[in-house]
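A short worksheet on the structure shown next.
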Amino acid sequence: MYPQQTIVSNDLVKEMQTSFIEYAMSVIVARALPDVRDGLKPVHRRILYAMYADNLTSDKPFKKSATCVGDVLGRYHPHGDASVYDAMVRLAQDFSMRYMLVDGHGNFGSIDGDPPAAYRYTEARMSKLSNEMLRDIEKDTVDWVPNFDESRKEPKVLPARFPNLLVNGSSGIAVGMATNIPPHNLKEVINACICVLDNSEATLSDLMEHIKGPDFPTRGIIMGRSGIRAAYATGRGRIVMRGRTEFEEHAGGRIRIIVTELPYQVNKKVLVETIADQVKDKRLEGISDLRDESDRNGMRIVIELKKDANPQVVLNRLFAQTSLQTTFSVNMLALVDDQSQPKILSLRHILDEYLKFQEEIILRRTRYDLRKAEERAHILEGLLIAQDNIDEVIHIIRSAYDDAKEKLMARFGLTDVQVQCILDMRLKALQGLERDKLMAEYKELEEKIAYYQKLLGDMDLVRSVLKQELIDLRDKYGDDRITEIQDVEDEIDIEDLIEEEQCVYTMTQNGYIKRTAATEYSAQKRGGKGVKAMTTREEDVVTSVFTASTHDYLLFFTNTGKVHRKKGYLIPEAGRTAKGTNIVNVLPLEAGEKVTAGLSVRELDEESYLVMITRMGTVKRIALSSLNTARKAGIRALTLEEGDELIEVRRTDGHQNILLVTHDGMAICFKETDIRCMGRDAVGVRGIRLKEGDYVVGAARAVQGHTLLSITENGYGKRTPIEEYLRGEGGEPQKRGGSGLKNYNVTEKTGKVVAARVVTGEEDILMISDDGTIIRMDASDINIYSRATQGVRVMRVAEDVKVISLARAEKEEEDSAPLTEEE
Amino acid sequence: MREGLTAVISVKLEEAQFEGQTKAKLGNARIRTLVDNVVSDQLALFLEENPMVARTILDKAMMANRAREAARKARENIRRKTGLEGERLPGKLSDCNERDPSLTEIYIVEGDSAGGSAKGGRDSRFQAILPLWGKMLNVEKARADKVYGNDKLSPVITALGCGIGEDLDLNKLRYHKVVIMADADVDGSHIRTLLLTFFFRYMRPLIEEGYVYAAVPPLYKLTRGKMSRVAYSDEERDKESAELRGDNPNAKIDISRYKGLGEMNAHELWETTMDPEKRSLRRITLDDAIAADQCFTILMGESVEPRREFIEQNAKYVINLDI
């Protein structure tokens, strides 16, 4: 069928690639990205040029936007009308442009995202500053290219007599790349240009003396300078912007938050809606009412707070969870090399490109002026000759038939152009030529020509002209910065969002952990029965309970010698009876890694130490502050020898005595200062010399006046005063590294020591046996005996059942000191 | 537990009763509650203590869910089509009279403005027109369920009648020439890439069978007085221009670049692009499916970096740069 038709085959890949690259390249070089020289995308350039060509400068009356849109479409930009109008509207919005390029009359939209009126209603003309974008364009300063139907020419770039790319910024998404350049303050950018002109070696720091950072039309506050610096140095960086807020006190001492400025490109209506939604969803708490009271006097969003709300916490949450704080991701991509290539540019690079372009503009303008001046001078030379011989000239013209031109040329040696000018003059004008005036004008021209010629041969002079022109522009249009830059780096710390409160932390043998507000335990009187602190799974027991603030650090030591650091609030909160979360969900533990000890500290201060005790009798002391590294989890606190395990960690103040208790019934007590303070990776030193097969079962701070509670496999136990472990008159401890003293008279009957703790006698203790039985008793019920005794039966266990562990519990949760699990 | 997960439970009990000959299922009701309790209890414990495993299982389940959801949508779509009176065709489609798919062709046209010319210029006996407005979804980046519900793509699916994805049935295809007729400008190129992505990912047999074509509209219009010609390439433009000029070197020849199909009158469009006696078509063939797959992943896929590399490497080969 239809043999005449041509059907060529084309491989899918080839078809895709050609089509795609066509699209991608035109979007990149001719749609979405600005030219580094004038900072405009094609559609903006065409809008401005069409207005200029239509004589719609700032001193002329407004014209309907429709005229402008129509002109742009019909003459230069064969695309959708909506896209042209949208682009034009943006140029006229005071919240989008730092310096508007279009002066709009009528509804051009609002920061609430309201659409502008249709283009048949609104009127527009160029803004004053916009004139500067096009100044000198008629002096052959830029290249011209044919428009789409080759019926007229359009400028490839505008002269842009001020650095528009930086001043107004740009944003656009092309294919495979995108640009996002923030707006800046005109005065600052021009000062930076001058800085480069004065000193071509100017560094980024020099430039940043002038350009402090972006200056957004919506004002607001920029948080921190490092993102700005990164953006200027490399072309990429992240700048955190915040709205301006204040606390206002009103009736009854209640506080409300007032928002008066927003971050750039944040839609106010959307912001208010997001806040409202989050309040409804309970994701934002403490807010009782929300109103937008903005009117002709300016922006005012009112956020009423509940009576008990902490204003700073609410505000911080607003910053973290809504666009009241947003990040501007700077990506300074623009077209260079006469729009042939997109490139990521540093601040200096942009300024250099701009200044190079402006030098060229001045050169081309001077060449044009020179040509015009020479032409005029040439004519004046002719007129001067004619004026000298006015009678003869008039005579020749009158007597000539149609060869006056030739005759004049022959008689006075005039050129065609000169004669033509003479002939074009009316007789009256010709007779009225005044020699003085002509001479004066000629003189002036000669001077100009000399100046132009000098300028063309002297680049330093060109630069000084450029500098002066920029200064004039700065003084005429410059204004003060409106966006504040604050030094605080202030990445919102999550902590700022969480109200500080005391919590009870519970951890079980099997690694279940939870956090419960201390207030949940508060209701009982002394001597009460206590409340259940945790529901545990069968065969699981609570091994440690302690209170700490949500803002405290919890240090989790594991059997492999690592320490994990977590803020209290990071432990999942759960109700009183909940069983909690397994620790593997909270800490990044490796297989086989088990938490063996936990501590809470307010901060990693310089005065505190940690003493670590391993199963094989090694002890090690480190400064608490040495754990303060950037890595919050899983840093090494101790290097363990093969087969050894970390069993206890104690916080000390540098003046404590440390007591170690072994399986075979030995114990040693020595000063912590005997242990040299070491680095995190160190192995430690010997704390006690162990006999073959013996190992450490417990360790504690030996506080005088307290007792050491030891428990054996077969359920025997006793308490022994700490003083018995000290020797001599003043109660001197032993040196570390010895075999120690006999702590327990281990016999067949008692079995070996499995656990030991220092107790005050005012707490409860829990004993757990390997058949899962737990017994809870008052510590003071256990008799006090001296060191080398057998103790009494404290827990009755069946044959081949052994006691395996000992835990302490507060008698009452209420008055729990920082660490109940400690001595 | 629908797919991809296996569990082994060992139960020891007396008087085990199995359902059916294959003994695929244990029949004792009593043990069921027991096993249920123990398993859910222990499994909850296990998942709590092994978050990595829990996450993997969750991801798997969510992926399976998404796939099921997509399949359900697809089925519904097909059911709806066969609902009322056989097939309900999209409102915008101007169908042809001929019913034999081997004789018919459908033009998928960019924009309503071009759609009008195409409707006016076509031969309604065998040429159907389906105008699409605006840029459709990039299916490479979209999830399957988004594709099924997309309002730009569903007219294409219904008009072609053959279903998509696994349900595709070439016997139901209503036209054996599916011609993409996009403007000869860069946005036309883009729309072509988007449509081809859709065909490749969801209707690949169409391409394999060679049913997909690209129309070749002229690029230039040359006028000298009342004479006018069209040219399909730059070389042709120069040749035609020389011919038009003939022996008069000063003759003024107007050369205009076609910006869109909407610029052409209906009869011009017929003569230059649609008339099977004269037109030329590019048939899209699939020479190397693996290469094509990679190509789509690079050009249309989620990851930006390879795309930028491609652009940088190929930037110099651009033929048709438009302002």
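Values computed for the structure shown
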| read-out | value |
| --- | --- |
| FRET efficiency for residue A:276 and residue A:590, using Cβ-Cβ distance with R0 set to 56 Å, rounded to 0.05 | 0.80 |
| Within straight-line cross-link reach of residue A:735, lysines at Cα separation under 26 Å, skipping those fewer than 8 residues along the same chain | A:620, A:671, A:691, A:718, A:752 |
| Column: log10 I(q)/I(0), Debye, Cα scatterers of the range A:672-813, q = 0.09, 0.10, 0.19, 0.21 Å⁻¹ | -0.30, -0.37, -1.18, -1.33 |
| Point-to-point label distance, residue A:389-residue B:10, nm (Cα→Cβ direction, 7 Å offset) | 12.9 nm |
| Distance violations [Cα-Cα > 22 Å] among B:119/B:177; B:92/B:152; A:153/A:343 | A:153/A:343 |
| Those aspartates and glutamates that a straight Cα-Cα span of less than 13 Å connects to residue B:172, excepting residues fewer than 8 apart in one chain | B:87, B:100 |
| Rg over Rh [alpha-carbon atoms, Kirkwood Rh] for the protein assembly as shown | 1.12 |
| Long pairs among A:14/B:146; A:372/A:454; A:187/A:212; B:141/B:259, criterion Cα-Cα beyond 21 Å | A:14/B:146; B:141/B:259 |
| Histogram of C-alpha separations across the range A:123-213, 10 Å bin width, % | 14, 29, 37, 16, 3 |
| Cβ-derived FRET efficiency at R0 41 Å, residue B:138 paired with residue B:242, nearest 0.05 | 0.45 |
| For chain A, calculated [θ]222 nm from helices alone, where every DSSP H run of n ≥ 4 adds -39500 (n - 2.57) | -8500 deg cm²/dmol |
| 5 angstrom amide H check on residue A:501, placed H, neighbours 5+ away | A:550, A:551 |
| Label point distance in nm, residue A:249-residue B:112, each placed 7 Å from Cα along Cα→Cβ | 6.2 nm |
| √(5λ) per eigenvalue of the Cα gyration tensor, chain B, largest first, Å | 57, 24, 14 |
| Neighbour net charge for residue A:331 - beta-carbon separation under 12 angstrom, K R +1, D E -1 | +3 |
| Candidates B:157, B:255, B:311, ranked by Gaussian network fluctuation over chain B, Cα under 10 Å, top entry | B:311 |
| Å³ per residue enclosed by the Cα convex hull of the range A:189-255 | 110 Å³ |
| Directionally averaged projected area (convex hull, Cα atoms, the range A:92-150), nm² | 6.0 nm² |
| Cross-link reach list, lysines versus residue A:156, counting only Cα pairs under 17 Å and skipping chain neighbours closer than eight places | A:41, A:139, A:356 |
| Calculated SAXS-style log₁₀ I(q)/I(0) at q = 0.27 Å⁻¹ - the range A:715-788, Debye, Cα scatterers | -1.39 |
| Label zone at residue A:802 (point 7 Å along Cα-to-Cβ), backbone N below 14 Å, the range A:587-621 | none |
| R0 of 45 Å, Cβ-Cβ distance residue A:398-residue A:367: FRET efficiency to nearest 0.05 | 0.65 |
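Readers should treat all values here as calculations from the given coordinates under stated rules, not as data from a laboratory. Everything numeric in this text was worked out from a predicted model, so none of it was measured. Neighbour counts run over all protein chains shown; Cβ positions are idealised from the backbone, glycine included.
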